[in-house]
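Before any comments, here is the structure.
Where a number appears in this text, it was derived from the coordinates with a stated rule and is not lab data. In this text, all values refer to a predicted model and were calculated from it rather than measured experimentally. Quick reminder, even Gly has a Cβ in these numbers, built from the backbone with ideal geometry, and neighbours come from all protein chains shown.
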Amino acid sequence: MNIKSEVTALTESLVAVRRDFHMHPEIAFEEVRTSGIIATHLENLGLTVQRNIGKTGLVADLYGGKAGKTVLIRADIDALPFSEQTGAEYASTKAGAMHACGHDGHASIAMHVASIFAKHQAELEGNFRFVFQPAEEIVSGASAMLQDKPDLLEGVDAVVGLHLWNDHPVGWVGARVGASFASADAFSVFIQGKGGHAAAPHQCVDPIVIGSQLVLALQTIVSRETDPQFPSVVSVCTIVAGEGAYNIIPDSIELRCTLRTFDSELRSKLQARIETLCTSTAIAFGGSARVQWMSGVPPVVNDTDFTERFIKTALEIVPEVHTPNPTMGGDDVAEFLARVPGVYFLVGSGQGYPHHHPKFDIDDKGCLPLATELLASAALEFARG
Ligand SMILES: [Zn+2]
Ligand SMILES: [Zn+2]
């Protein structure tokens, strides 16, 4: 099987499928049309598809004719909740929804890898588990799939996936050993004081004063307690306090925050420190505080061996594989990579606008064939005994 010529023959279809998804974007856990089309495609290839895994996710196994390892191929399929401004002929037909991260491309790429593998099933070594994952943008789809199907990773020897990457032009390929995407945790700090008249603060416990201490104190967890060689971020992004009055001290307030790191151990340490700092600071000022973790994802950590094997495979396709800087963004492929070793690599798709921008677009004719060739080649390599 010559993967390059197989992919070349599918280029038109790769682009057409991606543009169809682009015109009909569906946000997290609403990917009903998208997963329906993918499921039909896989069933037409002869695969048995498990639908509604993690609400709108799909799982389909393809068994090669020869013995080998089992490789999980992951593609995320969700769009973002804002309106498109590209003016492209294939622009979103839905107000308030847009594929502005390239997941329309990811879905098309993995579907066409399945097409190629199904055509050559008998000669393939190993087995391939295709996972089409919903709700990456709210970092919830991977854990929803794992919850619905606890044996999703059973017998899987390697995980492989990719993200199209608009920071770089078509032809650019990147993969790094170790942490590639940060952990991302959203948390709320609920601060309970005692409300009352602003002119009688001594009769109150002012939760705004406690919250103000915390906004600054939380920064010292990063600046004073974390080894500067291990990057982390704590940001307070929303303060919910009061109802607009000039003379009322509120009873309680809420801080909405995010935590990012590149290391699972550091992540747990910082989570514990945030809780201690918030609860004890509130007590020190006469109130109380509770920290609630809303959603979270571990860092994306690429396995050394599989990353090196990926780079070696990719170098037969492109002249260079770059080592990108880790990104502070999160990706919940991390839930799979935290349990089974593998690699999540980046493929340049550059069209000028960054991810999550209303004018985001990818050079689909350029990046989709290359990404498909890379994903198929890496999966075949990892499946070899
Ligand atoms: Zn995104
Ligand atoms: Zn994305």
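Grab the beta carbon distance between residue 215 and residue 318, set R0 = 45 Å, and tell me the FRET efficiency rounded to 0.05.
On the way: r = 46 Å, r/R0 = 1.02.
Result of the calculation: an efficiency of 0.45.
Hey, what's the Kirkwood Rh for the chain if you take every pair of different alpha carbons, in angstrom?
Working: mean 1/r = 0.0449 Å⁻¹.
Final number for the Kirkwood radius of the chain is 22.3 Å.
Using the number of other C-beta atoms within 10 angstrom as an exposure proxy, rank 232, 188, 223 with the fewest first. Please report the intermediate quantities before stating the final value.
Details: 232 23, 188 16, 223 10.
Least crowded to most crowded, the residues run 223, 188, 232.
Using the basic label-point model (7 angstrom from Cα toward the beta carbon), what is the residue 33 to residue 122 distance in nanometres?
Result for the modelled spin labels: 3.9 nm.
Report the charge-dipole magnitude of the chain in Debye, nearest 20, computed about the Cα centre from +1 at each Lys and Arg Cβ and -1 at each Asp and Glu Cβ. Don't skip to the end; give the middle numbers.
On the way: 28 positive and 45 negative charges, 81 e Å.
So the dipole magnitude of the chain works out to roughly 380 debye.
Note down the nm distance, to one decimal, between modelled labels 7 Å out along Cα→Cβ at residue 292 and at residue 51.
3.5
What pairs in 4/365; 119/149; 312/365 have C-alpha atoms more than 18 Å from each other?
On the way: 4/365 15 Å; 119/149 28 Å; 312/365 25 Å.
Where the Cα-Cα span goes over 18 Å, the pairs concerned are 119/149; 312/365.
Karplus couplings for the range 263-277 from phi (6.51 cos²θ - 1.76 cosθ + 1.60, θ = phi - 60°), rounded to Hz, Gly and Pro as x?
So the J values, rounded to whole Hz, are 9, 5, 5, 5, 4, 5, 4, 5, 4, 5, 5, 4, 4, 4, 4.
If neighbour count is taken as other Cβ atoms inside 10 Å, put 331, 76 in order from fewest to most. Could you put the intermediate results ahead of the total?
Numbers: 331 24, 76 27.
In order of increasing Cβ crowding within 10 Å: 331, 76.
Would any residue of the range 191-207 have its amide N under 17 Å from a label point 7 Å out along Cα→Cβ of residue 283? List them or say none.
Flagged as within label range: 191-193.
Arrange the following residues from fewest to most other Cβ atoms within 10 Å of their Cβ: 73, 221, 249.
Values: 73 27, 221 18, 249 23.
Taking fewest neighbouring Cβ atoms as first place, the list is 221, 249, 73.
Any idea how far apart residue 359 and residue 227 come out in nm if each label point goes 7 Å out from Cα toward Cβ?
It works out to 4.3 nm between the two label points.
If you plug each phi of the range 105-111 into the Karplus form 6.51 cos²θ - 1.76 cosθ + 1.60 with θ = phi - 60°, what whole-Hz ³J(HN,Hα) values come out, in order, with x for Gly and Pro?
x, 4, 4, 4, 4, 5, 4
Using only Cα atoms, locate the centre of the range 1-20 and the centre of the range 348-385, then give the distance between them in Å, rounded to an integer.
If we compute the Cα centre of each part, the gap is 12 Å.
Out of residues 5 or more away from residue 136 or on other chains, whose amide H comes under 5 Å of its own, with H placed 1.01 Å from N in the peptide plane?
77, 78, 141
Between residue 199 and residue 93, what length comes free when the chain is fully extended (0.36 nm per residue of separation minus the Cα-Cα distance, one decimal in nm)?
Values: separation 106, 0.36 × 106 = 38.16 nm, distance 5.48 nm.
Fully extending the segment from residue 199 to residue 93 adds 32.7 nm.
If amide H atoms are built 1.01 Å from N in the plane of the peptide, which residues on other chains or at least 5 residues away come under 5 Å of the amide H of residue 196?
Placed amide hydrogens put 249 under 5 Å from residue 196.
When the helix-only estimate is applied to the chain (DSSP H runs of n ≥ 4, each -39,500 (n - 2.57), divided by the residue count), what is the mean residue ellipticity at 222 nm, nearest 500 deg cm²/dmol?
Details: 9 runs with 132 residues, N = 385.
Per the formula, -11000 deg cm²/dmol.
List the residues, sorted by chain then number, that are 5 or more residues from residue 171 or on another chain and whose placed amide H is less than 5 Å from its amide H.
Excluding prolines and chain starts, which carry no amide H, the hits are 348.
Per residue of the range 308-320, what does 6.51 cos²θ - 1.76 cosθ + 1.60 with θ = phi - 60° give for ³J(HN,Hα)? Whole Hz please, x for Gly and Pro, Karplus curve as stated.
5, 5, 4, 4, 4, 5, 5, 5, 7, 10, 10, x, 8
Considering only 16, 284, 184, give the residue with the highest GNM mean-square fluctuation for the chain, with springs between Cα atoms whenever their separation is below 10 Å.
Among 16, 284, 184, the largest mean-square fluctuation in the Gaussian network model of the chain belongs to 284.
Charges at C-beta only: +1 for Lys and Arg, -1 for Asp and Glu. How large is the resulting dipole of the range 198-290 about its Cα centre, in Debye rounded to 20? Kindly include the intermediate steps, with their values, before the conclusion.
Numbers: 7 positive and 9 negative charges, 34 e Å.
Using only the charged Cβ atoms, the result is roughly 160 debye.
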